[in-house]
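The values are calculated or read from the model by the stated rules, or taken from the named source; none is laboratory data. Model, not experiment: these values are computed from the prediction. Cβ placement follows ideal geometry from the backbone for every residue including glycine, while neighbour counts extend to all protein chains displayed.
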Amino acid sequence: MQPPLPDPPMSCPVCGREIGTTCRCVPSGFWQRPGVARAVADLDLVRVVQMLRAQVDITQERIALITGLGPSTVSRLEAGKPVHDLAKARRALHRLGALVPHEPTSAGAEPPETAALRRLVAVYDLPDDGPVRPMPALRTAVSEVVGHRLNSRYAQVTSRLPLLIPELTRALERQQGARRYEIARLLVQCYRAADAVADKNGAYDLSARIIQVMLWASEQAEDPCTRAAAQYVRAEVFFASSGFEDGRRMLERAAGGVQPGDSVRAAAAYGALHMRAAVLAARAGAGGRARDHLAETHAVARRVDEAVYDGTAFGPGSVRIHEVTLELGLDSPERALAAAAGWVPSLSIPAERRSHFHIDLARAHLLTDRRESALDALEEAHRIAPEHVRLHPDVRAVLAALARAEGSGSESARTFAHAAGFLAVTAGEGGPEVR
């Protein structure tokens, strides 16, 4: 059965054109910009209004007219004072043309995946009594979890962590010296996998809590590369809160604690920190700093083989993928496509990262009006890592934009969304939504 067709989109009260198609009061590309999709997903009307005013030539009065909010309310939003009525925020975002997430089906409901992790992290230092397997078995179990995370098999991750994390915590309490440090490193990898599930499911509060526990575990390892890996993951907090410059400074400081000449492992840790700092700098609009970090990353990647180091893929291919993301962060989709031209990530790069490369290509193609190529890129991303695609907010945004376009491409986007496991492409006040 095909996904339901949307109702006709509403008309803009300013220009009289259809929101999401011919209306350009808010450019369609705005909703693809870094930070905007996350703000919409969080129903954070304050951040959306602030970004609109900073990045789009639009007055407070026009925003008020489009959204139906009072001018004083829009002024308060720009000043950082939120609207506490979520229904009102949802309506305002719809009218601006945003792709607003559906309301939960039941109050307080939480997916079982994140509910289990929430219980787990609440008792991170209070493991139940139980056995502890020998070190070889623990290493194998953690290696499997890391592999599932890197290849976007999140269901496998969530099925294993509720028993594995308490077991590792028991082992940590019982061991001393080098054995204890190794167990701490394994525990960091498990909490990193837990964070991936929370982040992909949009549970950003839980993600931040897991990251704090992961940082605690990394200190038990007394190893600079493990601490660097934890700080790399900590950057997600700054992506989620749009604190891009603060996140960049945090990663730069973390890189200062690693000596890249000590080992290949240290070089990869140092390079990965600068690689992620480059993307944060781009999202902060600091193009010069972004390219400085990228240059530092390239210099390290030239002497490091593409591989997974302490749970992070790093090497020339990973750097190239981040270069594409960086250019999108700088609102340069043509340069993003140029950075990707004629290249396909090798199979040595984990599936999640390869899938992300194709999602970024889809965004770049959409922003340059290459809609057919955008859908092709999404299909390739889904072929590589279906769970990653199904949970990625950028995929929902691109699909919804494709679904509201005229012509056969709209129906193709709906068909793909249905086949990829999205619940539906449904009507919203601002146009089709993908859920």
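Quick notes on this structure:
- Pair list, Cβ under 7 Å, 6 or more apart: the stretch 37-53 residue in contact (Cβ under 8 Å) with a residue 24 or more places away in the chain, other residue charged (D, E, K, R) and in a helix (DSSP H, G or I): A37/D394; A39/R47; L43/R90; V49/E78; Q50/E78; R53/E78
The rows are residues; the columns are (1) assigned to a loop (DSSP other than H, G, I, E, B); (2) β-branched (V, I, T); (3) free of Cβ contacts under 8 Å to residues at least 40 places away in the same chain; (4) farther than 29 Å from S355 by Cα.
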| residue | (1), (2), (3), (4) |
| --- | --- |
| T114 | no, yes, no, no |
| Y124 | yes, no, no, yes |
| P127 | yes, no, no, yes |
| G130 | yes, no, no, yes |
| R133 | yes, no, yes, yes |
| A137 | no, no, yes, yes |
| E144 | no, no, yes, no |
| R149 | no, no, no, no |
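- Given (1) farther than 24 Å from L138 by Cα; (2) at pLDDT 95 or above, index of the condition W216 fails: (1)
- Top-ranked residue in the stretch 251-275 [being under 12 Å from A235 (Cα atoms) and small (G, A, S); ranked as surrounded by the fewest Cβ atoms within 10 Å (Cβ to Cβ)]: A254
- Residue satisfying condition, being in contact (Cβ under 8 Å) with a residue 12 or more places away in the chain, under 23 Å from L367 (Cβ atoms) and either surrounded by fewer than 22 Cβ atoms within 10 Å (Cβ to Cβ) or not charged (D, E, K, R) (or both), within set T325, T297: T325
- Within the stretch 65-78, if we keep just the residues that are part of a helix (DSSP H, G or I) and surrounded by 18 or more Cβ atoms within 10 Å (Cβ to Cβ), the residue that is nearest to the chain's Cα centre (by Cα) turns out to be L77.
- Check on S346, hydroxyl-bearing (S, T, Y), at pLDDT 95 or above and part of a helix (DSSP H, G or I): no
- Flag if Q212 is closer than 27 Å to R276 by Cα, of a type in the set (S, T, N, Q) and touching a residue at least 12 places away in the same chain (Cβ under 8 Å): no
- Residues within the stretch 355-377 that are in contact (Cβ under 8 Å) with a residue 40 or more places away in the chain and either basic (K, R) or under 21 Å from G202 (Cα atoms) (or both), tallied: 2
- Here G285 meets each of (1) modelled with pLDDT under 95; (2) assigned to a helix (DSSP H, G or I); (3) not basic (K, R) with one exception, condition (2).
- Only listed residue being basic (K, R), surrounded by 21 or more Cβ atoms within 10 Å (Cβ to Cβ) and out of contact with any Cys (no Cβ under 8 Å at 6 or more places or on another chain), chosen from R248, R289: R248
- Test: residue in the stretch 166-185 that is buried (at least 22 other Cβ atoms within 10 Å of the Cβ) and within 14 Å of the chain's Cα centre (by Cα): no
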